[in-house]
Each structure stands twice: as structure tokens, then as C-alpha cells.
Amino acid sequence: MRRRWLFADQLGPHHLDAPDQPVLLVESRAVLRRRRFHRAKAHLLLSGVRHLAAELGDQALFLQVDTYGEALAQVDEPLDVVQPTSYAADRFVRERGIPVLPPRGYVTTREDFAAWASGRRGRLLMEDFYRWQRTRLGVLVDGVEPVGGRWNLDHDNREPPPKRPTLGVPDPWLAEEDEIDAQVREDLDRMERDGQASFVGEDRPRWAAVTRAEAVAALERFVEHRLPHFGPVEDAMLAADPWMAHSALSPALNLGLLDPLECVQAAERAYRSGAAPLNSVEGYVRQVLGWREYVWSVYWHVPPDYRQRNALQATSDVPEWFRTLDAAGEVTARCLSSVLHDLRERGWVHHIPRLMVLGNYALQRGWDPEQVTAWFHEVFLDGYDWVMLPNVTGMSQHADGGMMTTKPYAAGGAYINRMSDYCRGCAYDPAVRVGERACPYTAGYWAFLDRNADRLAGNRRMRQPLAGLSRLRDREELVAQERERGDAPP
Ligand SMILES: Cc1cc2nc3c(=O)[nH]c(=O)nc-3n(C[C@H](O)[C@H](O)[C@H](O)COP(=O)(O)OP(=O)(O)OC[C@H]3O[C@@H](n4cnc5c(N)ncnc54)[C@H](O)[C@@H]3O)c2cc1C
Ligand code: SF4
């Protein structure tokens, strides 16, 4: 049996052919030097590799080096790899003649997706893909019919938050650090001190799973205590409750510690045993079997120039206060300040703050989508190349001109006000667009439409918003105000 080179996001047992297969693990310092990661992300990656090396003992050859090339020069036996999850790593191993096995930890192969897409004449819709997945994999179906008679329960899952500070569900599983984490922390401190790396974000205790046993415990806790509450408020935000009822399992899934089918099947069992309602279970299955697999497949399906697309010709640099997660506390807008604070603390916020607070702001301000995509990659614990391009370049920044979404995800303060408790106690007012109390999201939304009116004119779904723009009495004043505001912290 060849020695299997496991990358840092291939840590689960399903990446090996047999439990005793010899393993190569590489910790590369150059990776951390190249970009300014969230400190918690650097910690998670090193902790994951080191925990697996410790678990495997002599079975693993564990090399702590500067570059991958340096590591390979020390290995004098044949290797193979499970297909890496980025174009760059995939190219790296193929160029060195290392045999590449099909990907694991995803249920959709490139061939599956190509076959599905070829029947759709270029019209790719996540909803169609998701139904196809459920049918072919037999998830939440009775025969060929969806359980409960409906494929899509989104209608039941878009409630605003309750009128209390927190949802009141038990916390997600949270890690307890050990001596390996202590060593990682010491090493990262030294790298920072010696100028070998620089990080953003706070160095809080690790919360996400890095071993298979931890990931299984985290999945069990989610299914038992939190999944029943997941659905109705999955799009809602509460300032004092960043977790809401989300699984917080994306770091573990993306480290390759859990298989998506085991997550989905655990959720389905909870429904079939009566432990969780259908809308919550369907909502969760849609995220994992639908969105995650769709994003993974789109990454490999789109042409290589996708990364550089910039359909809205957005060219401003991402400002430093945003890059450093508002470390200096300059942001007044309560929603943005609160989300950047949560991100600084944990390297994670759920999907609506990502899309409607962070991504929405970058889109409105016309920040360069490639820079925005790189930023998301660096500061999120679960950020990897494959997940960034479709989610950020495509869905959030509309840089692909509408392949991922039919219209840009731009929204004013009214959306944030409806779906959160942020606006209460904010210095701005979501209903005001000009003047001292003008909400930066509301004003930013109209300024975004004004800047992109010509580019969006051909989009049927933008007709109504553009008609609204042309009726604004204070349009000129608003545009001048937002130009003045520029990229200063709002
Ligand atoms: C702008 C933007 C950036 C994002 N960046 C990332 C990222 O770097 N890494 C990442 O894993 N997800 C990303 N997502 C998707 C989603 O926000 C996170 O997967 C989710 O918030 C993780 O928290 P959770 O595990 O509690 O998810 P839950 O709400 O519990 O959802 C269950 C699971 O579904 C999967 N999932 C749901 N939506 C997506 C999606 N669009 N893409 C991939 N997986 C999905 C995740 O594995 C997640 O664990 C991004 C979304 C947006 C809008
Ligand atoms: S008023 Fe505007 S800036 Fe303030 S919290 Fe609401 S949406 Fe955010």
C-alpha cells in the first residue's frame, strides 16, 4: 500500500484505504507566511495536522518544513493523494507525477455534476440540483416523492428573530484545548514575534473540532440539541447570540473530519424518529446536500478565468479597518461592528451576516471582488479556495455577472432591521437615507444602484429596484453623501 499524503483538509478516516495505511503529513510554514490569516484559523490548521500526527504515531511521517517541495525531497517512497481541494494543490501534485485518487468527503463527483449540468442547457439552478441529489441519494424521500409532500420548506424557515436577546437553545459543542494546542499557541507567538507571520483576529481558545472524535461529538450535540430549532430562524440574527441554532460544523466538515452523508443521515434519522421537525431537517439537508455540494461542484465546473471576473467593475481596495476586523473599534454601524467583533473573536459567523452584512457592504461600496474573496478566505475558519469562488466571487459579489444568482445580493437597512435586533440601539436609522442618521446600508444600497444602473438595466429582476431609484427625490444628494462617506468606517 502506498503512503497516502494527507493535506490539512483531509484529516478524517475516509481519506485512507485502510486504518493502517502509512501516511505523510506536512506542516508548511510558507503557507502561513504568504497571507494574513485569522490567528484562530492558523491555530486550527496546525492543531488539526498535529493531532492526527500524534494519533497515528509511527504510522505517519510528519514533516515540519518551509515548503511542500522541501518535504517531498525527504520522502523516498511512492506516494498517492486523494484529489486536493484547490486547483493550485491539484496542479502541484499532478506536476510531480503523484497518482491522484478521486475526491472524498463530497458526494458529487465532477462526472456526476457534468452529467446533471449537460441536461440543463446552461441553466443551472441550485434548487433543481438539490432535488436531483435527494432523489439519487435517497435522502428525505419516500420512493420518488419528498417526505411530507414538498421539496422546499423555505417558506417556513424565514422567520425574523424572537423578541428576546438570545434564542435560548443549548450552545454548540465547544472544544477543550490540550497540550498540543498549547504548543501551537507558543509556535504562533514565536512566528509573530520573529516577523515570520502576521495575523488578524483574537487568539481565543480553540472552539472547533480538529479530531474525528471531537467532530463526531459536535455532530451528535447539534443533532440532539440544536437541529430541532434550526429551521425557522436560520436566516435571523441576534446581536447577543452569534450561534443561533446553526450547526457550527463547517470547520470540521471542511477539515475533512466528517462526511456530508453521515451528517445528512443523522439529521434524517432525527426526523424519522420524531426528534426533529421536517422544516428544520429539510433546511439543514438543503444546506449540506444542496448548497455545499453545489458550491463544490461549481468550483470545478466554471472556467479558469472565473476568479478574475469583475462584472460590476468594482475596483476599490478593501480598507484596512475591514481587513483587520475593526480591531481599533472605529465602526459605529451596530450590525457591522457587531459582526466584525464576532468574526474577530471566533473566525466564524453564520451565513446571513456573511452575505447580508459583510458581503453586502463590500458589494455596495464597490470593493475589488478578488480582494474581497481573498479576505473571506483568510479570516474564516472554514474558508478554502473551493468554497470562496462560488460563494464570494459569485453569490455575494455578483462578479460572475449572474451565474450563481439571478440578481445581486444588495439590500438596504430594512432587510437587516427585519431579520435582526441590530438596528435597535444603532446610531443610524434604517429608514433614513440622507443626513446624519442615514443608515449606511440603506444609502449604500441606492448609491450601488445608481453606480450600476446601466450594467443592471438588462436584468429583469432589477427593473423594480431601478424604477424605485429613478423616483428618488433626493438621489443626487444621496449619491454625493455616499461619495463623501467613501470607505471610512461607517
Ligand atoms: C459570502 C459567503 C461566504 C461563505 N464562505 C464560506 C466558507 O468559507 N466556508 C464554508 O464552509 N461556507 C461558507 N459559506 C456558506 C455558509 O455561510 C457556511 O457554510 C455556514 O455559515 C457555516 O456555518 P454552519 O456550519 O453553522 O452552517 P449551517 O447553517 O449549520 O449549515 C449546514 C452546513 O451547510 C454547509 N453550507 C451551507 N451553505 C453553504 C455554502 N453556500 N457553501 C458551502 N457550504 C455550505 C456548511 O457545510 C454548513 O456546515 C459562505 C457563505 C457566504 C454567503
Ligand atoms: S440602522 Fe443600518 S447600520 Fe444601523 S444596525 Fe440597522 S442596518 Fe445596520
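The values are calculated or read from the model by the stated rules, or taken from the named source; none is laboratory data. Predicted, not measured: the structure shown is a model, and the values here were computed from it. Cβ atoms come from the backbone with ideal geometry, glycine included; neighbour counts cover every protein chain shown. Note: accessible area is taken over every heavy atom of the protein model, side chains too, but ligands, DNA and RNA are not part of it. Shrake-Rupley method; radii C 1.70, N 1.55, O 1.52, S 1.80 Å.
Overview of results
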read-out: Count of region 366-418 residues which are of a type in the set (Phe, Trp, Tyr), under 19 Å from the mean Cα position of the chain (by Cα) and within 16 Å of ligand 2 (Cβ to nearest atom); value: 1
read-out: Residues being assigned to a helix (DSSP H, G or I) and open to solvent by less than 10 Å² (accessible area, probe 1.4 Å) - total across region 323-349; value: 4
read-out: Matching entry among VAL434, VAL479 (being within 16 Å of ligand 2 (Cβ to nearest atom) and over 30 Å from TRP348 (Cβ atoms)); value: VAL434
read-out: Test for PHE92: is it in contact with a helix residue (DSSP H, G or I) (Cβ under 6 Å, 6 or more places away or on another chain), of a type outside the set (Ser, Thr, Tyr), open to solvent by 40 Å² or more (accessible area, probe 1.4 Å) and free of Cβ contacts under 8 Å to residues at least 60 places away in the same chain; value: no
read-out: Failed item in (1) at pLDDT below 95; (2) over 24 Å from the mean Cα position of the chain (by Cα), with PRO146 passing the rest; value: (1)
read-out: Helices (runs of 4 or more DSSP H) within region 209-309 that include 1 or more residues without any contact (Cβ under 8 Å) to a residue 24 or more places away in the chain and surrounded by fewer than 19 Cβ atoms within 10 Å (Cβ to Cβ); value: 212-221, 260-272
read-out: Residue list for region 127-159, filter: touching a Ser or Thr at 6+ places or on another chain (Cβ under 8 Å), surrounded by 13 or more Cβ atoms within 10 Å (Cβ to Cβ) and not in a helix (DSSP H, G or I); value: VAL141
read-out: Test: TYR87 is under 17 Å from VAL387 (Cβ atoms), open to solvent by 40 Å² or more (accessible area, probe 1.4 Å) and not basic (Lys, Arg); value: yes
read-out: Whichever residue in region 194-208 is open to solvent by 20 Å² or more (accessible area, probe 1.4 Å) and in contact with a strand residue (DSSP E or B) (Cβ under 8 Å, 6 or more places away or on another chain) and, among such residues, is farthest from ILE416 (Cα to Cα); value: PHE199
read-out: Filter result (more than 16 Å from ligand 1 (Cβ to nearest atom), of a type outside the set (Gly, Ala, Ser) and either in a loop (DSSP other than H, G, I, E, B) or touching a strand residue (DSSP E or B) at 6+ places or on another chain (Cβ under 9 Å) (or both)) within region 310-322; value: ASN310, GLN313, THR315, ASP317, PRO319
